[in-house]
Amino acid sequence: MAPSQPIAVGITGSPASNAALFWAAARANRLKVPLAVLHVLDDRWIMAEAMPYIEVLHEMGLALLKEAGDKVRAAEPGLQVTLELLEGGVGGALGGYSKSTSMLVLGTSGHSRGALTDRALQAAATAECPVAVIGIGQDDGRGVFVGVDGSRESTQAVAFAAAEADALGEALTVLYAFTGP
């Protein structure tokens, strides 16, 4: 990934999403790369009789993006910001978009209802770039965490995370999970 590729941040309007937005904007400004602010309209489950409401959801998504763009431009003057409304499943849409980004940033509340409902987990599983998951109140630094599975990709992830931890002066925690006998 070229360093000039944008940092992308997925937003929902939640407090954790706002924390991720400002974290991503500060990082993009510091690295002198553009910021792509994304919102996904998950239209996969909309029934035919609900189709008239899709336009309302579309307009709400665009309004959310505009508000986020205004906030981030005020917080980080001079930052190049683009706003994009994506459609489809959250994991697939953000994972697909990640092909053209240097990093994908997402917010999480820390309250998971399982792997099928955790949008950050879904996006991280399909992303083709490093993923930063930011929680509320995590702007003060709490270390860098990286998951490994022994693959070539996880070796690259460890190298990226180690460089990131070193640059930030943060501790690096390497995680490996497995199913026991």
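Read-outs: derived from the displayed coordinates by stated rules, not from any lab. Just so you know, these numbers come straight off a predicted model, no measurement behind them. Here the Cβ positions follow ideal geometry from the backbone for every residue, glycine too, while neighbour counts run over all protein chains shown.
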Amide H neighbours of residue 80 under 5 Å, at least 5 residues apart or on other chains, H built in the peptide plane: list them. 35
For residue 132, the residues 5 or more places away or on another chain with a placed amide H closer than 5 Å to its own amide H are 104, 105, 106
Equivalent-ellipsoid semi-axes of the stretch 141-181, from the Cα gyration tensor, Å, largest first: 21, 13, 4
Difference of contour (0.36 nm per residue) and Cα-Cα distance, residue 30 to residue 176: 49.5 nm
So how do 136, 11 line up by other beta-carbon neighbours within 10 Å, fewest first? 136, 11
For a protection proxy built on the mean count of beta-carbon atoms within 10 angstrom, sort 78-84, 22-28 highest first, please. 22-28, 78-84
In sequence order, what are the phi-derived ³J(HN,Hα) couplings for the stretch 147-163 according to the Karplus relation 6.51 cos²θ - 1.76 cosθ + 1.60 with θ = phi - 60°, rounded to whole Hz, with x for glycine and proline? x, 10, 9, x, 7, 4, 5, 6, 5, 5, 5, 5, 4, 4, 5, 5, 5
Show the residues, 5+ positions off or on another chain, whose built amide H is closer than 5 Å to the amide H of residue 41. 86, 87, 88
So what is the 222 nm mean residue ellipticity for the chain from helices alone, if each DSSP H run of at least 4 adds -39500 (n - 2.57) and you divide by all residues, rounding to the nearest 500 deg cm²/dmol? -13000 deg cm²/dmol
Only Lys, Arg, Asp and Glu count, each charged at its Cβ (+1, +1, -1, -1), so figure out the dipole size of the chain about its Cα centre, rounded to 20 debye. 320
When the chain is fully extended, how far beyond the present Cα-Cα distance does residue 60 get from residue 154, taking 0.36 nm per residue of separation? 30.1 nm
For the chain, the percent of all C-alpha pairs falling in each 10 Å bin, from 0 up to the bin holding the max distance, is 9, 36, 37, 14, 4, 0
Degrees, to the nearest 10: 54-75 long Cα axis against longest axis of the chain: 50
Short version: ³J(HN,Hα) in whole Hz for each residue of the stretch 14-22, in order, from phi by Karplus 6.51 cos²θ - 1.76 cosθ + 1.60 (θ = phi - 60°), x for Gly and Pro, what are they? 6, x, 5, 5, 5, 4, 5, 4, 6
So what J values fall out for the stretch 78-91 if you push phi through Karplus, 6.51 cos²θ - 1.76 cosθ + 1.60 with θ = phi - 60°, rounded to Hz, Gly and Pro as x? x, 6, 6, 10, 10, 10, 9, 9, 9, 10, x, x, 4, x
